[in-house]
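The values are calculated or read from the model by the stated rules, or taken from the named source; none is laboratory data. None of the values given here were measured: they were computed from a predicted structure. Because the Cβ atoms are built from the backbone with ideal geometry, glycine has one as well, and the counts that use them run over all protein chains shown. In case anyone asks, the SASA skips ligands and DNA or RNA and just uses the protein heavy atoms, side chains included. Shrake-Rupley method; radii C 1.70, N 1.55, O 1.52, S 1.80 Å.
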2 protein chains.
Amino acid sequence: MSDRNGKKSDIISVAKAARVSPSTVSRYFNHPELLKLTTRRRIEKAVRKEGYIRNRAAQTIHGIRSGTIGVLVPTIDHTIFAEVVQAFSDAVAEEGFTILLASHGYDPQREYAILRKFLEHRVDGIALTGLDHDEAVFQLIESQDVPTVMMWNYAAESLYPSIGADNELAGQMISQHVLALGHRAVACLFAPGAGNDRAKARSRAILNTLAAAGVVVPQDWQLTTVYSVSESKRQAFELFSNARRPTALICGNDILATGAIYAAARAGLKLPDDISIVGIGDFKGSSEFEPGLTTVRLPARRIGRRAGMTLAAAIKDPDADRTGAHCAPELVIRGSCRAI
Amino acid sequence: MSDRNGKKSDIISVAKAARVSPSTVSRYFNHPELLKLTTRRRIEKAVRKEGYIRNRAAQTIHGIRSGTIGVLVPTIDHTIFAEVVQAFSDAVAEEGFTILLASHGYDPQREYAILRKFLEHRVDGIALTGLDHDEAVFQLIESQDVPTVMMWNYAAESLYPSIGADNELAGQMISQHVLALGHRAVACLFAPGAGNDRAKARSRAILNTLAAAGVVVPQDWQLTTVYSVSESKRQAFELFSNARRPTALICGNDILATGAIYAAARAGLKLPDDISIVGIGDFKGSSEFEPGLTTVRLPARRIGRRAGMTLAAAIKDPDADRTGAHCAPELVIRGSCRAI
DNA sequence: AATAGTTTTGCAAATGTTTTCATAAATTGC
DNA sequence: GCAATTTATGAAAACATTTGCAAAACTATT
């Protein structure tokens, strides 16, 4: 096939090979129905022979869409973001878009810099994680007015369509469940809130809900740990080693809960008899523990898919419905938490 | 700032605002050292005032690099690929590249289609997963001669630089370890090999190594299951429920091993006394089980980082060293496997 | 104050497409 | 078999940049 004898082939070399004008080749790709069947065939053959591949960069400077969407997540290698990205990518791929992916590691500065880079590439749309961003980020989006969605965290009054779960609600749900089961001695294991509005919303809601029911979490039972099984295991183990132990431990997400479960095993505590542990997220695998983890499901795949579809629609039709969507969290009761 | 009064700003509007010619603005970005300090200042101000963002598409048609790298993985939401992608992305970001990411779901047809799309975007380089690809894929890369690396699986004689672990070796190592501990009644739980040379290499090596030691794995102890904790849990549970049980179960990867560990717990088997379970991968969290999972570490982050650096170097300097690299697997002995 | 040399800037052509408008070719109606 | 349509193709301008070359603006030297 493609016998590129030397230089890269462009639309002109194809035109020569097919003995038509460059415009006709352009039409072959963009409005094939305008061409006579025979010329279409001729061009098709020439394209194959030359091994020609369309140049989107050249199209893009004509104001034609670049076919790319910039996706910005805190980090790719957390199950939950990986799932969102996968679902998002699949959804927009169906509409012909390819994603530019980058991670900022919870650094607002980096987020701004990456966003600029996306815009240099003239992405057709942007998907950010969370609602909380640097003022400069919002200004940039505003000034370039490129379609944007905010994934993961939902808030009705958001400036841009937000598609995700209400993390405050999730925190509320899990603590209400724990309270309903009669727990009063409750400890918490949170992810750090810096640059992470999801984590912040959850911890806030959890503590408020408990407080509203008259349950005060003592300072030394409010643990904070980075997103890591080993770290949370260490901290939870320490907690479990104290003389006075909580009857329930609420974790800010399932990864932290996973660490806590292992810590319990190591401390010789049986779930749920000796201690109840709950999480938030319902990550892949959370259902498979023995006993399964009681948690609040945040529908990552649904969020990613929905966000992708909304953004693609907004790009293709500027007047499309740009309202966000709440992908409701859902209490998933398994065996890791019992009534007292 | 950026008070875009209407239309998007281009290099010409900036030039007007700074009272210089467009060429000078272009030089401001590409060869600032050629400009007088005062004009540089003037342009800087104009750029800010106009909210101008460079247009990489327009640069790209001048043969200038696009600054993008196409990354193609089977799926994003497997821990292991997420880690590789994260490390890869970080590495190339340092060199100014942004990644175009897509997943093919183990479908060779889709891989080809995505690759074409990458090339339409004029990516500066390509990173594929695994060594085994459709002939058309190789032809395409060949014809466009764009720098390419193959990640994840290592083979010395590969046509393109391959950066990864020797999966065959990994399989060999884990089975040798199991054999050395005296196990003879060994079962296996593999991932499907279709479109997945990593999985294929591992299963092959495991069975061969066992056979070489005179251990034959009966047909009904050779289980195959998709990459999923719940599926492998189901299958392993079934295996454990039979009257005749193996003393050791070798799993094709840590996810499958995770399922098997849960299955053992449900079946009331204690690790490692009642059954030994080992995996391959050393995924995040594998060390935290109680007891920890004995496995062979495939250094995902190192692979991703190294692959990114190699590719970036190959792009920037066509004569750069393009040999692959073997990121050696490493036996990690924890508590899930005991001597018999 | 004039010259030579150097630094800085602008002009115009080039890049690979798309698109508008005009023209040529094919088809239809009589 | 000719005019009137309709359909298919080409020429040229446009898109947002970069770059080679030449002109202009400075500096330094006398």
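Laid out as a table, the results:
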{"read-out": "Checklist (1) surrounded by fewer than 24 Cβ atoms within 10 Å (Cβ to Cβ); (2) more than 9 Å from chain B (Cβ to nearest Cβ) applied to residue A:126, failing item", "value": "(1)"}
{"read-out": "Number of positions in region A:93-112 that are facing chain B (nearest Cβ under 10 Å) and in contact (Cβ under 8 Å) with a residue 40 or more places away in the chain", "value": "1"}
{"read-out": "Selection status of residue B:194, part of a helix (DSSP H, G or I) and over 19 Å from residue B:246 (Cβ atoms)", "value": "no"}
{"read-out": "Residue tally, condition open to solvent by 10 Å² or more (accessible area, probe 1.4 Å) and outside any loop (DSSP other than H, G, I, E, B), over region B:286-310", "value": "7"}
{"read-out": "Residues of region B:23-77 classified as open to solvent by less than 20 Å² (accessible area, probe 1.4 Å), under 40 Å from the mean Cα position of the chain (by Cα) and of a type in the set (Gly, Ala, Ser), total", "value": "5"}
{"read-out": "Meets criteria (out of contact with any strand residue (DSSP E or B) (no Cβ under 7 Å at 6 or more places or on another chain), of a type in the set (A, V, I, L, M, F, W, C) and outside the structural domain of residue A:281 (by TED's automatic domain parsing)) for residue A:123", "value": "no"}
{"read-out": "Residues (buried (at least 17 other Cβ atoms within 10 Å of the Cβ) and in a helix (DSSP H, G or I)) located in region A:205-230", "value": "A:205, A:206, A:207, A:209, A:210, A:221, A:229"}
{"read-out": "Residue in region B:176-189 that is in a helix (DSSP H, G or I) and in contact (Cβ under 8 Å) with a residue 60 or more places away in the chain present", "value": "yes"}
{"read-out": "Of the criteria (1) within 14 Å of another protein chain (Cβ to nearest Cβ); (2) not in a helix (DSSP H, G or I), which one residue A:163 fails", "value": "(1)"}
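Matching residues to (1) surrounded by fewer than 22 Cβ atoms within 10 Å (Cβ to Cβ); (2) of a type outside the set (Gly, Ala, Ser); (3) on the phi > 0 side of the Ramachandran plot:
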position	(1), (2), (3)
B:85	no, yes, no
B:90	yes, yes, no
B:97	no, yes, no
B:105	yes, no, yes
B:113	yes, no, no
B:152	no, yes, yes
B:157	yes, yes, no
B:160	yes, yes, no
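Every residue, every condition in (1) in contact with a helix residue (DSSP H, G or I) (Cβ under 7 Å, 6 or more places away or on another chain); (2) within 18 Å of residue A:97 (Cα to Cα); (3) within 8 Å of DNA strand C (Cβ to nearest atom), yes or no:
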position: A:35; (1), (2), (3): yes, no, no
position: A:41; (1), (2), (3): no, no, no
position: A:49; (1), (2), (3): yes, no, no
position: A:61; (1), (2), (3): yes, yes, yes
position: A:64; (1), (2), (3): no, yes, yes
